[in-house]
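Here the structure is laid out as structure tokens; the discussion comes afterwards.
The values are calculated or read from the model by the stated rules, or taken from the named source; none is laboratory data. This is a predicted model, so every value here is computed, not measured. Cβ coordinates were reconstructed from backbone atoms using ideal geometry, including for glycine residues, and neighbour counts include every protein chain displayed. The accessibility values were calculated without ligands, DNA or RNA, using every heavy atom of the protein model including side chains. Shrake-Rupley method; radii C 1.70, N 1.55, O 1.52, S 1.80 Å.
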Amino acid sequence: MSDLTAIDILINPDEATLDRARQVNEVMRRSVPDGFALDATHQPHITTLQRFVRTADLDRVYAAVTDTIADTDISTLTLRAVAIKHADWGVPGQGLAVLYVQPSAAVLDYQARLLAAVNPYVESGGDADAFVRDEADPDISPTTIAWVENYDPHQIGDSYTAHVTVGFATFDDLARIEVEPFDEFDVRPASISVYHLGNNGTARIELKAWPLT
């Protein structure tokens, strides 16, 4: 095992959000048939924090997350899906599509406290060995590594882009999809997890989970 582990501390959304994400993923796979499906190793989720942490300190990371959750009024962690958007992920002719989610101020506060709690166990310089690598995802892109390395400060506070990744589509199809009417909906947290990351920021292996009530 690598000395560092690429982790995603994330929100698992409610079943209604999962259903919407799977519906959109089916549209994406009609556009790019060999794109990934949302399944047991590509879980729909809302990332809160990604970091390279020392593998030997994973239990301490879990304890830090436990304490942060205990200090959080979960009912204030409100989010709303407002659009389908995409990013150019470096795949020629294709974009990575997401359900774009607006977080409440309480979500940003939770993220800040989570970052402070986990920071003692963070280390820079993670490489492909810090990720899940198997026959399904043997390669880890430099973009994926850089995203985790630079999550702080690029995705913290006012720079945070909350989203649920829903798959790849061609730019032509995305241009059509993104101008279609979108029915906004509330996203409700069902649980919080720490996942071992795979390529393209996929949540591949759940390491620890905290059900929410």
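Values as computed for the structure displayed
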{"read-out": "Sole residue being aromatic (Phe, Trp, Tyr), touching a His at 6+ places or on another chain (Cβ under 9 Å) and either open to solvent by less than 30 Å² (accessible area, probe 1.4 Å) or assigned to a loop (DSSP other than H, G, I, E, B) (or both), chosen from Phe36, Phe52", "value": "Phe36"}
{"read-out": "One residue from Val107, Val122, Val179 being more than 17 Å from the chain's Cα centre (by Cα), under 19 Å from Thr68 (Cα atoms) and among the hydrophobic types (A, V, I, L, M, F, W, C)", "value": "Val122"}
{"read-out": "Residue match in segment 67-76 (condition: within 23 Å of Thr161 (Cβ to Cβ), surrounded by 21 or more Cβ atoms within 10 Å (Cβ to Cβ) and in contact with a strand residue (DSSP E or B) (Cβ under 6 Å, 6 or more places away or on another chain))", "value": "no"}
{"read-out": "Unique residue being touching a residue at least 40 places away in the same chain (Cβ under 8 Å), under 27 Å from Asp14 (Cβ atoms) and not in a strand (DSSP E or B) when the list is Val98, Val132", "value": "Val132"}
{"read-out": "Arg29 among the basic types (Lys, Arg) and open to solvent by less than 50 Å² (accessible area, probe 1.4 Å)", "value": "no"}
{"read-out": "Subset of segment 39-49 (residues that are open to solvent by 30 Å² or more (accessible area, probe 1.4 Å) and in contact with a strand residue (DSSP E or B) (Cβ under 7 Å, 6 or more places away or on another chain))", "value": "Thr41, Gln43"}
{"read-out": "Criterion: without any contact (Cβ under 8 Å) to a residue 12 or more places away in the chain, farther than 18 Å from Trp210 by Cβ and among the small types (Gly, Ala, Ser) - qualifying residue of Ala87, Ala83", "value": "Ala87"}
{"read-out": "Candidate set from segment 87-130 (those that are at pLDDT below 95 and open to solvent by 70 Å² or more (accessible area, probe 1.4 Å)); member that is nearest to Arg22 (Cα to Cα)", "value": "Asp88"}
